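As structure tokens, the structure follows; a few thoughts come after it.
The values are calculated or read from the model by the stated rules, or taken from the named source; none is laboratory data. Computed from a predicted model, the values in this text were never measured in an experiment. As a convention, Cβ positions derive from the backbone with ideal geometry for all residues, glycine included, and neighbour counts pool all protein chains shown. Just the protein is used for accessible areas: all its heavy atoms, side chains included, with ligands, DNA and RNA removed. Shrake-Rupley method; radii C 1.70, N 1.55, O 1.52, S 1.80 Å.
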Amino acid sequence: MRSFRFWIYFVIVGSLWGQSAPGLGQTSGLNWSSDGNFALYQKRTGQQAGNYFLINLEQRTQRIAFDRSDLIQKLGRRFDPKKGLDRLPIQGLFQSPTAGLCLVCDNRLFKIPAGQGGAIKEVESGLSDSQAFQEQESRLFLQPEPGKQGKSTNITLVNKSSLDLDLNWYSHDGKEVSYGQLEAGTSKQMHTFAGHVWVLRHDGQIKGCFRARINDHVFISPETLKSVSKFENRREKKTQIDPLYKVRGGKSKNRNWNVSVQDFNLTLTSTEDSSLNVKLTENGADKSSFVISRNRSAKTGTPNVYWSPNSKFFLAFQTEKKTKRQVYYVESTPKKQLQPKLHQYDYPKPGDELDQSRLRLFSAETQSEIELSDELFSNPFRLNFLGWSQSGQIFWLLYNQRGHQVKRLLKVESATGKVEAIVEERSDTFIHYSDPGKAVFENLGNDEILWASERSGWNHLYRYNRVTGELINRVTQGDWNVKRIHSIDHKTQTVYFYAVGVYPDQDPYHVHFCRVQFDGGGFKVLTEGEGTHQVDLISPKGNPSEPTVFVDTYSRVDFAPVTELRDLESGERIVKLQAENTSKAFGDRKLTQRFVAKGRDGQTDIWGILHFPKDFDPQKKYPVVENIYAGPHDHHVPKTFRRRYGVQHEIADAGMIVVQIDGMGTAWRSKAFHDVCYKNLRDAGFPDRKEWMKQAAKKFPQMDLTRVGIYGGSAGGQNAMAALLWHHDFYDVAVADCGCHDNRMDKIWWNEQWMGWPVDDSYAANSNRENAHLLQGQLMLTLGEMDENVDPASTIQVVHELIKHDKDFEFVLIPGRGHGAGETAWARKKRLNFFVEHLIKNPE
């Protein structure tokens, strides 16, 4: 099981999207002309790899832009093609008033030939002719927005204006970081990252911004600076969405008040009248803290308070600290000492007490507390402050009740302390709170919000009035799921999002790109190729807030990536940019196969894949090994193309067929499909997995189901051992790495989500430790002694029970390694030999 922090980081980072500014530069491999009518890109694969192609957006055509070898010759030896495809310093396209469509390369200007692949001619004036760049009005713009970070690069800035310009990097949290000055008439080379935004100021005023590109050359002339105001005037302002106010800290917005922590309690001080110094609380203590963070004491510190924007009220969090459970392990062979080293760390487990944050509301005008009932949020697993209304009259809370069966959006009136449930979700099983795609809370403006719910049996979006709680409309609906939001266009009231299951005739896990209006109208799937899609929105004509086309890359396990340029309105394909040869990309082995079969109910489709030995002989029989991970937080079988599956191919090439399957109990099918896991993790979809393999063996008779192995790590380790406890009629050999073999021993957030709270008998019923006496078959347990993800004692306790019941098994402890130690080279070899021994050499 992956750590929560890493998993959330992965989901969040995987969902961010970048938007490129206009003019010179590169967007998703495309360089756009300043008028937005042409784009240049380089083919990376196929027979024409290395050539640069020119797209005519209006005519929806493409051709080889110029003779690449001719350009290389003009650039000189240092751009020898033997050094690779990416060495040419292409900087973009430009419509010159005199020369027409030109290529900017190595800070030189070249005219694009009219015919396909023709010779390229340098424009003599080059970049020194500032008049040639008068049309580059959109290269600089005035509204900085954080950009997605791309590759490391060096850029050149040339300031031909008469102004000394301060150069500031615009950080991801909206702060400007100074990087010195670009004086008038000077140039400067500097390091940055593609996608980073830089702000140019003079006497404190913004004169322009630009978004860095690979090998960028930013030419700043008097004309381009003047054009910024013209460009700004013709841009429509962004739609204002009345954002929630959420600033944490002691000072009020008007700076008239300050809240501090003194002797563990809150004190309110007037910055205008030093004699006004009021102690607001009496019950603060070291273990009942008002501070944001703490070291040894909570006696003083930064207060954990949120002021209203009208500076009349503030909300304080008083956190009652509970004693944290400690997990210990011994590092047997530390690098810097001979003797073993004891480690310990906080590790809450299911059923443990949690820190409790009590909300307290205060009035600055009366210097007193406003009573606030916690009846609707009395037992939180998590309680989030979402923000104040701009008027300061209301604030909102998001409450996830412990046990994950109740989630509420709460509205609180600041003047009275009245708490009201605006939206409430309930489930007899669980609410999947930890996946961002199923925990949507988006502000739409006009007191409206976007909310995600599985109440229909599928994950969909709903529009609510955040003040009255009125359900305005369902935004999406159908027997499919909204996977995650890509972006929201408030001006056109459009939500762009990824969905799974929208094409009934495709693999239901394939991700497609869609759009829908706030009112639920205009729903359209914008991608069509069978596979999983990832897109980048692009604005060729210069306004980053108004994309009109997008680059779509899709693939599946048996189909190499295809990249297309598509129209954002119609979804129509404009041109195909790249298309890899699947067989060539996969190499000289049998392609990984997709297979679908009916599950335990005889009706539900179960999807999986098969990996074959490199020297596969259709006349032979091969044992089958399943790579399992049945964690309910996601689905886990690969869906996009891979050139190689390291571990799976390693096992397959030793003479086995390796399979991967998503059975019932995993996420992103229907809610009913997912609910199979509730208080039932030992199920792990095994009834579906066995049916899938039986049906696969009819299509691939080389599968020998009298010899079946299984392996997995973390939750997959729990699953692998469970196969030999409850399904030893089918599975013969298992290797379980760092398993969370008893859900009472593992991390709280993951296990309570699926097994529930309070801890009951279902935990023991699902435990490999409690049921170790049921073991039949050949088992190997592997464990890294320094595992901080799953308590190492979880595996050791299983070992104890197996010995107690006189079971024969292998146990491999790996010194100096943490979670996932079973995937180190030595342990993989050990696992492979175990499968070969018991499935090939000496099968029982």
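Annotations
- Any hit, region 261-279, residues being under 33 Å from the mean Cα position of the chain (by Cα) and of a type in the set (Gly, Ala, Ser): no
- For region 780-808, filtering for residues that are in a loop (DSSP other than H, G, I, E, B), surrounded by 20 or more Cβ atoms within 10 Å (Cβ to Cβ) and out of contact with any Ser or Thr (no Cβ under 7 Å at 6 or more places or on another chain) leaves 3.
- With respect to the stated conditions, TYR345 is under 30 Å from TRP754 (Cβ atoms), of a type in the set (Phe, Trp, Tyr) and within 33 Å of the chain's Cα centre (by Cα).
- All positions within region 404-419 that are open to solvent by 10 Å² or more (accessible area, probe 1.4 Å), part of a strand (DSSP E or B) and either more than 15 Å from GLN753 (Cβ to Cβ) or not charged (D, E, K, R) (or both): ARG408, LYS411, GLU413, VAL419
- Count - residues of region 611-625 that are within 18 Å of PHE586 (Cβ to Cβ) and open to solvent by less than 40 Å² (accessible area, probe 1.4 Å): 3
- Hey, GLY478 open to solvent by 20 Å² or more (accessible area, probe 1.4 Å), on the phi > 0 side of the Ramachandran plot and in contact (Cβ under 8 Å) with a residue 24 or more places away in the chain or not: yes
- Out of ARG600, ARG643, ARG682, ARG669, one residue alone is open to solvent by 10 Å² or more (accessible area, probe 1.4 Å), at pLDDT below 95 and in a loop (DSSP other than H, G, I, E, B). It is ARG643.
- Selection over region 250-289 of residues that are assigned to a strand (DSSP E or B) and open to solvent by less than 50 Å² (accessible area, probe 1.4 Å) gives a count of 15.
- Candidates are the residues of region 381-403 that are part of a loop (DSSP other than H, G, I, E, B) and farther than 29 Å from ASN310 by Cβ; the one that is most open to solvent (accessible area, probe 1.4 Å) is ARG402.
Table: residues versus (1) open to solvent by 10 Å² or more (accessible area, probe 1.4 Å); (2) over 25 Å from the mean Cα position of the chain (by Cα); (3) closer than 22 Å to HIS636 by Cβ; (4) of a type in the set (D, E, K, R).
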residue: ALA715; (1), (2), (3), (4): no, no, yes, no
residue: ASP732; (1), (2), (3), (4): yes, yes, no, yes
residue: LYS747; (1), (2), (3), (4): yes, no, yes, yes
residue: VAL759; (1), (2), (3), (4): yes, yes, no, no
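- Among the strands (runs of 3 or more DSSP E) confined to region 299-364, the ones with at least 3 residues that are open to solvent by less than 40 Å² (accessible area, probe 1.4 Å) are located at 305-307, 313-320, 326-331, 356-363.
- Checking region 175-187 against the condition returns a match, with at least one residue being open to solvent by 60 Å² or more (accessible area, probe 1.4 Å), under 15 Å from PHE219 (Cβ atoms) and without any contact (Cβ under 8 Å) to a residue 60 or more places away in the chain.
- Residues of region 442-471 that turn out to be in a strand (DSSP E or B) and surrounded by fewer than 17 Cβ atoms within 10 Å (Cβ to Cβ), as a count: 4
- GLY713 meets the stated requirement of being touching a His at 6+ places or on another chain (Cβ under 9 Å) and of a type outside the set (A, V, I, L, M).
- Every condition in (1) modelled with pLDDT of 85 or more; (2) open to solvent by 50 Å² or more (accessible area, probe 1.4 Å); (3) within 30 Å of GLY387 (Cα to Cα) is met by LEU244 except one, and the failing one is (2).
- Every condition in (1) of a type in the set (A, V, I, L, M); (2) exposed (fewer than 15 other Cβ atoms within 10 Å of the Cβ); (3) modelled with pLDDT under 70 is met by ALA21 except one, and the failing one is (2).
- Matching residues in region 809-824 - criterion: being touching a residue at least 12 places away in the same chain (Cβ under 8 Å) and either in contact with a Pro (Cβ under 6 Å, 6 or more places away or on another chain) or not in a helix (DSSP H, G or I) (or both): PHE809, GLU810, PHE811, VAL812, LEU813, ILE814, PRO815, GLY816, ARG817, GLY818, HIS819, GLY820
- Enumeration of residues in region 94-149 that are assigned to a loop (DSSP other than H, G, I, E, B), farther than 30 Å from HIS486 by Cα, modelled with pLDDT under 70 and open to solvent by less than 20 Å² (accessible area, probe 1.4 Å): none
- Scanning region 420-438 for residues that are basic (Lys, Arg), in a strand (DSSP E or B) and either open to solvent by less than 40 Å² (accessible area, probe 1.4 Å) or over 23 Å from LYS679 (Cα atoms) (or both) turns up nothing.
- When each of GLY531, GLY608 is tested for being on the phi > 0 side of the Ramachandran plot and open to solvent by less than 30 Å² (accessible area, probe 1.4 Å), the lone residue that passes is GLY531.
- Residue identified as touching a residue at least 12 places away in the same chain (Cβ under 8 Å), of a type in the set (Ser, Thr, Tyr), within 22 Å of GLY195 (Cα to Cα) and out of contact with any His (no Cβ under 8 Å at 6 or more places or on another chain) among THR553, THR582, THR563: THR563
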